[in-house]
Amino acid sequence: MTGGFPIHLPVMNTLRDRHILLGVTGGIAAYKAAELVRLLRTAGAEVQVVMTHAAGKFITPLTLQALSGRPVRDELFDPEAEAGMGHIELARWADAILVAPATADFLARLAQGRADDLLATLCLASEAPLLVAPAMNRVMWENPATQANVDLLRARDIAILGPEAGEQACGETGTGRMREPEALCADLQRLFAGNALAGLQVLVSAGPTQEPIDPVRYLGNNSSGRMGYALARAAREAGASVTLVSGPVSLEPPEGVQLIRVQTALEMRDAVLAEARQADVFIATAAVADYRVADPRSSKHKRGDGPLRLELVENPDILAEVAALPEAPFTLGFAAETDALERHAREKLVRKGVDMIAANRVGPGLGFGSEDNALEVYWQDGHQSLPRQGKDRLARALVRLLAQRLGRNPDQLCTSQLHAQD
Ligand code: PMT
């Protein structure tokens with residue numbers, strides 16, 4: 001939790017492209033893990049299931065493999081699996097570990113810090129937040145030994161989610177039922193909802209602009225809008241109010257974000273300038289056409305009409321105009337470069353008068369239209385590399401860096417906000 005800001009309750013899906021390691025231990029509630037995996041995948045998370053041997057008596061690895069789309073892991077010393085993603089890499093891969101159901105035995109092993117199977121080892125070896133959803137007979141739950149273990153785990157910042165009261169598989173009624181998959185999914189959504197940008201208005205430009213030649217043709221570029229849309233989502237996830245000014249793209253509008261659609265650079269400029277005065281931060285991801293046709297035709301130019309000559313005039317530099325406003329927002333520009341990344345990016349940083357610039361290599365399969373990207377981020381006296389990864393994850397990393405530059409605490413995922421609602 002970042003001190004001083006209100007907890008931001010999610011109004012959006014925060015699980016897109018998150019890496020969830022789902023531990024399944026041996027109890028009758030293991031069948032609910034199938035629904036949990038389905039819900040997490042539907043929300044866009046990558047799910048790696050790790051089962052204990054006892055869990056295999058209640059649900060088959062094949063079911064969980066089919067639903068998660070990844071082979072289930074259950075062996076600590078499996079040479080084949082270790083050759084792919086070793087257990088330490090798996091521990092690092094996880095953004096969060098959720099053990100559901102967690103048996104009394106597993107809670108005891110966790111409390112002791114044991115590493116006697118793959119799942120317990122991963123819990124010990126990972127820095128990711130750890131959440132457990134206990135499920136067991138009510139007497140086992142109430143047993144002072146289990147309660148002492150739970151107290152110990154809570155004190156170590158492990159979120160204890162449930163158990164709930166109701167009818168149990170053993171025929172008794174009491175507390176010990178596993179929290180329902182929908183509720184666990186919502187817990188994870190809350191875990192990832194940040195507040196590093198809470199209270200700020202963030203304006204993002206995204207996508208290409210299209211500059212008309214005649215009523216059916218235009219000059220454009222290959223920007224898909226993915227990077228800008230991912231940044232709008234990441235800023236929203238971090239608690240900001242977000243306005244997205246977007247050129248023509250075929251993407252779903254991000255949840256909880258105000259979307260303004262434009263076509264040309266001049267329309268984008270008008271929309272951005274109208275919003276910039278209220279904005280605290282402007283992120284210029286759009287690939288704005290540097291030139292437009294001076295005098296677009298009002299009717300279609302036909303093949304037999306002779307050569308088509310176009311006079312191009314320069315478009316305004318939207319980013320530079322925003323940076324020059326009397327009370328300019330913090331400006332984060334992008335630089336699309338084919339070579340000499342640092343030199344060109346730093347030149348743009350100074351020439352456009354921006355606070356920070358994120359440079360990416362562009363070319364075949366790079367930057368424009370790609371699923372992933374890598375960024376070199378520069379500011380006056382600093383630099384940070386953000387390695388190649390999916391654009392959603394990259395956008396979250398850039399928003400964390402932005403929050404740091406704004407003097408805010410970047411989001412630390414913290415289970416304590418879940419304890420209050422265990
Ligand atoms: O949309 P995707 O397919 O996900 O691809 C992402 C991207 C490659 C488009 C993105 O990562 C990116 O690099 N965006 C900036 C593209 C660009 O126009 O770069 P530039 O170096 O030409 O411009 C520098 C900066 O000035 C940019 O922030 C740009 O938005 C801004 N600019 C440029 C021209 C102009 N007339 N007005 C501007 O505001």
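So the values come out like this:
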{"quantity": "Hits in segment 300-310 (condition: closer than 13 Å to Asp214 by Cα and either in contact with a His (Cβ under 9 Å, 6 or more places away or on another chain) or not basic (Lys, Arg) (or both))", "calculated": "His301, Leu308, Leu310"}
{"quantity": "Residue within segment 211-218 that is open to solvent by 10 Å² or more (accessible area, probe 1.4 Å), in contact with a Lys or Arg (Cβ under 6 Å, 6 or more places away or on another chain), at positive phi and not charged (D, E, K, R) present", "calculated": "no"}
{"quantity": "Test: Arg18 is within 23 Å of Arg179 (Cβ to Cβ), under 27 Å from the mean Cα position of the chain (by Cα) and surrounded by fewer than 20 Cβ atoms within 10 Å (Cβ to Cβ)", "calculated": "no"}
{"quantity": "Residue that is more than 21 Å from Leu418 (Cα to Cα) and among the aliphatic types (A, V, I, L, M), where the choices are Leu107, Leu76, Leu130, Leu98", "calculated": "Leu76"}
{"quantity": "Scan of segment 284-318 for residues that are more than 27 Å from the chain's Cα centre (by Cα) and assigned to a strand (DSSP E or B), ordered by number", "calculated": "Tyr291, Arg292, Val293, Leu312, Val313, Glu314"}
{"quantity": "Whichever residue in segment 311-350 is away from the ligand (no atom under 12 Å from the Cβ), in contact (Cβ under 8 Å) with a residue 12 or more places away in the chain and charged (D, E, K, R) and, among such residues, is least open to solvent (accessible area, probe 1.4 Å)", "calculated": "Arg346"}
{"quantity": "Any hit, segment 373-382, residues being under 25 Å from Gln201 (Cβ atoms), open to solvent by 50 Å² or more (accessible area, probe 1.4 Å), more than 8 Å from the ligand (Cβ to nearest atom) and assigned by TED's automatic domain parsing to the domain that holds Val272", "calculated": "yes"}
{"quantity": "Any chance Arg114 is charged (D, E, K, R), open to solvent by 30 Å² or more (accessible area, probe 1.4 Å), assigned to a helix (DSSP H, G or I) and out of contact with any Pro (no Cβ under 8 Å at 6 or more places or on another chain)", "calculated": "no"}
{"quantity": "Residue count for segment 167-192, restricted to those that are free of Cβ contacts under 8 Å to residues at least 40 places away in the same chain, of a type outside the set (S, T, N, Q) and surrounded by 12 or more Cβ atoms within 10 Å (Cβ to Cβ)", "calculated": "4"}
{"quantity": "Count of segment 117-157 residues which are crowded, with 23+ Cβ neighbours inside 10 Å and either part of a strand (DSSP E or B) or under 23 Å from the mean Cα position of the chain (by Cα) (or both)", "calculated": "7"}
{"quantity": "Residue in segment 89-107 that is exposed (fewer than 15 other Cβ atoms within 10 Å of the Cβ) and not charged (D, E, K, R) present", "calculated": "no"}
{"quantity": "Close pairs from segment 53-69: first within 13 Å of Tyr31 (Cβ to Cβ), partner open to solvent by 50 Å² or more (accessible area, probe 1.4 Å), Cβ under 7 Å, at least 6 apart", "calculated": "Gly56/Asp74; Phe58/Ile28; Phe58/Tyr31; Ile59/Tyr31; Leu67/Arg38; Leu67/Arg41"}
{"quantity": "Which numbered condition Glu164 misses (of (1) free of Cβ contacts under 8 Å to residues at least 24 places away in the same chain; (2) within 16 Å of the ligand (Cβ to nearest atom))", "calculated": "(2)"}
{"quantity": "Subset of segment 271-285 (residues that are closer than 15 Å to Leu231 by Cβ and surrounded by fewer than 19 Cβ atoms within 10 Å (Cβ to Cβ))", "calculated": "Asp280"}
{"quantity": "Unmet requirement for Gly367, which otherwise passes all of (1) near the ligand (Cβ under 10 Å from one of its atoms); (2) at negative phi", "calculated": "(2)"}
{"quantity": "Count of segment 226-264 residues which are in contact with a Ser or Thr (Cβ under 7 Å, 6 or more places away or on another chain) and surrounded by 24 or more Cβ atoms within 10 Å (Cβ to Cβ)", "calculated": "6"}
{"quantity": "Segment 49-74: number of residues that are of a type outside the set (Val, Ile, Thr) and open to solvent by less than 60 Å² (accessible area, probe 1.4 Å)", "calculated": "10"}
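One line per residue, one yes/no per condition, for (1) at pLDDT below 95; (2) within 29 Å of Asp151 (Cα to Cα):
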site	(1), (2)
Ala33	no, yes
Gly44	no, no
Val49	no, yes
Phe77	yes, no
Ala111	no, yes
Leu118	no, yes
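The values are calculated or read from the model by the stated rules, or taken from the named source; none is laboratory data. Since the model is a prediction, treat every value here as computed from it, not as a measurement. Cβ: placed from backbone, ideal geometry, glycine included. Neighbour counts: every protein chain shown. Side chains included, ligands, DNA and RNA excluded: accessible areas come from the protein's heavy atoms. Shrake-Rupley method; radii C 1.70, N 1.55, O 1.52, S 1.80 Å.
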